[in-house]
1. Taking the alpha-carbon distance from K83 and a cut-off under 24 Å, which lysines remain once sequence neighbours fewer than 8 residues away in the same chain are dropped?
2. Using the alpha carbons of the stretch 214-346, what is the convex hull volume per residue in cubic angstrom, as a whole number?
3. May I ask which residue of H189, T211, P228 lies farthest towards the positive end of the charge dipole of the stretch 165-228, with charges of +1 (Lys, Arg) and -1 (Asp, Glu) on Cβ and the Cα centre as origin?
4. Could you work out Rg/(2.2 N^0.38 Å) for the chain, with Rg from alpha carbons only?
5. Remind me, relative contact order of the stretch 234-338 in percent, using alpha carbon pairs under 8 angstrom and six or more residues apart?
6. For the chain, what's the relative contact order in percent, using C-alpha pairs closer than 8 Å and at least 6 residues apart?
7. Rank these for me by crowding, I153, I329, going from fewest to most other beta carbons within 10 Å.
8. Bin width 5 Å, origin at 0, all Cα-Cα pairs of the stretch 1-98: what percent of pairs per bin?
Amino acid sequence: MKIQENISLKAFNTFGIDVKAKFFAEVESKNDIIEALTFAKTAKKPILILGGGSNVLFTSDLDALVLKVNIRGIEPISQDKDKVILAAGAGEMWHDFVLYSIENNLSGIENLSLIPGTVGAAPMQNIGAYGVEIKAVFHSLEAIKICSGRTQIFLPADVNFGYRESVFKKSLKGKYIIYKVNFNLSTSHVPNISYGDIQKVLKEMNQAKPTAKNISDAVINIRQSKLPDPKTVGNAGSFFKNPVVPVEVYKKLKQAYPTLPGYPSDASQIKIPAAYLIENVGWKGKKLGKVGVHDKQPLVLVNYGGGKGNDILELSRKIQLDVQTKFNISLEREVNLINDKSLIYP
Ligand SMILES: Cc1cc2nc3c(=O)[nH]c(=O)nc-3n(C[C@H](O)[C@H](O)[C@H](O)COP(=O)(O)OP(=O)(O)OC[C@H]3O[C@@H](n4cnc5c(N)ncnc54)[C@H](O)[C@@H]3O)c2cc1C
């Protein structure tokens with residue numbers, strides 16, 4: 001493992017924010033992780049774990065050791081008639097893992113096609129799209145505790161998945177390095193096509209009895225038509241979560257704003273699309289210097305080139321304030337804010 005010094009992270013985050021890491025290393029094994037932890041301890045530097053950098057916003061240079069997790073490998077660890085437990089190294093790209101599962105006639109994650117980033121980051125925020133979250137297929141994960149170097153296995157009950165949440169975004173934030181994730185995938189395919197435009201696109205594709213591959217193709221098609229490609233314009237997907245409010249609050253808002261959409265989150269709460277709120281306060285397609293709000297999907301904040309992390313942060317705060325003032329709803333950030341103060345020492 002090579003430890004490099006004063007490395008720009010511009011190519012390592014999809015917002016394309018140009019900050020520097022004091023130290024940077026790519027880890028390819030558990031041994032590399034242990035070696036890196038020893039280095040950071042000796043150098044008295046905190047650690048940032050990085051996957052594909054598609055859900056982070058850097059707002060300062062990092063006087064830290066940045067570890068890019070490149071641990072690879074996909075293998076079945078158990079198999080029966082209905083189910084295969086598939087293990088994947090944290091550094092596998094998520095979409096490649098989805099395609100691998102489909103090629104091997106396994107189903108369960110086809111709706112999550114084309115989500116950027118790595119397998120290791122997927123449990124962090126319980127990635128979700130088109131009616132599926134990884135919570136539904138999660139078996140377990142293996143991680144190293146940064147402060148002790150010890151290995152730990154996390155089962156579903158330990159991870160405490162929620163909507164774009166897990167224990168790793170809350171009480172255990174920054175404290176573990178995930179190196180392997182195990183998934184329960186199904187050998188028989190039960191299509192989940194109720195969400196969004198999937199049915200419409202499948203019809204256009206003439207697929208009345210869709211396979212997992214057909215659903216994956218439909219999802220890819222929809223995502224490519226709606227979301228900006230980070231290779232063309234810097235972004236991290238949805239910047240905010242969709243707010244969830246009590247039914248009574250929603251009913252009152254609906255009286256004042258009859259077009260306000262809402263979807264049951266559970267028996268007593270309604271999820272409101274943040275995109276509607278942001279568009280309604282006039283931010284859709286607006287620019288603020290080198291950054292702005294995407295003109296097709298207002299939930300996505302973009303860096304048109306040369307924008308700083310703090311420019312994006314300032315824009316996000318203005319949007320939060322306007323939504324709070326008009327709707328009395330506080331928009332919560334989905335993207336992880338990273339600066340010198342948010343990191344953990346080994
Ligand atoms: C165009 C676009 C579309 C997107 N669409 C979706 C979507 O539909 N649904 C969705 O849920 N998300 C979506 N995202 C967000 C993002 O792709 C996911 O959150 C993804 O899981 C992030 O993976 P990553 O490897 O890039 O994580 P990073 O951005 O590198 O890291 C995210 C966080 O996880 C931590 N982390 C990363 N790897 C590890 C590890 N191995 N061990 C411990 N901690 C780790 C980091 O420290 C950081 O706090 C989208 C992003 C983009 C750019």
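What follows draws every value from the coordinates through simple rules; no lab data is involved. Being a predicted model, the structure only gives us computed values, none of them experimental. Every residue, glycine among them, receives a Cβ derived from its backbone with ideal geometry; neighbour counts consider all protein chains shown.
1. Those lysines meeting the cut-off are K135, K180, K209, K213.
2. 174 Å³
3. Toward the positive end, the furthest listed residue is P228.
4. Taking the Cα Rg and dividing by 2.2 N^0.38 Å, one obtains 1.01.
5. With pairs under 8 Å counted, the relative contact order is 32 percent.
6. 19 percent
7. The order, fewest Cβ neighbours first, is I153, I329.
8. Cα pair-distance distribution for the stretch 1-98, in percent: 3, 12, 20, 20, 16, 12, 7, 5, 3, 2, 0.
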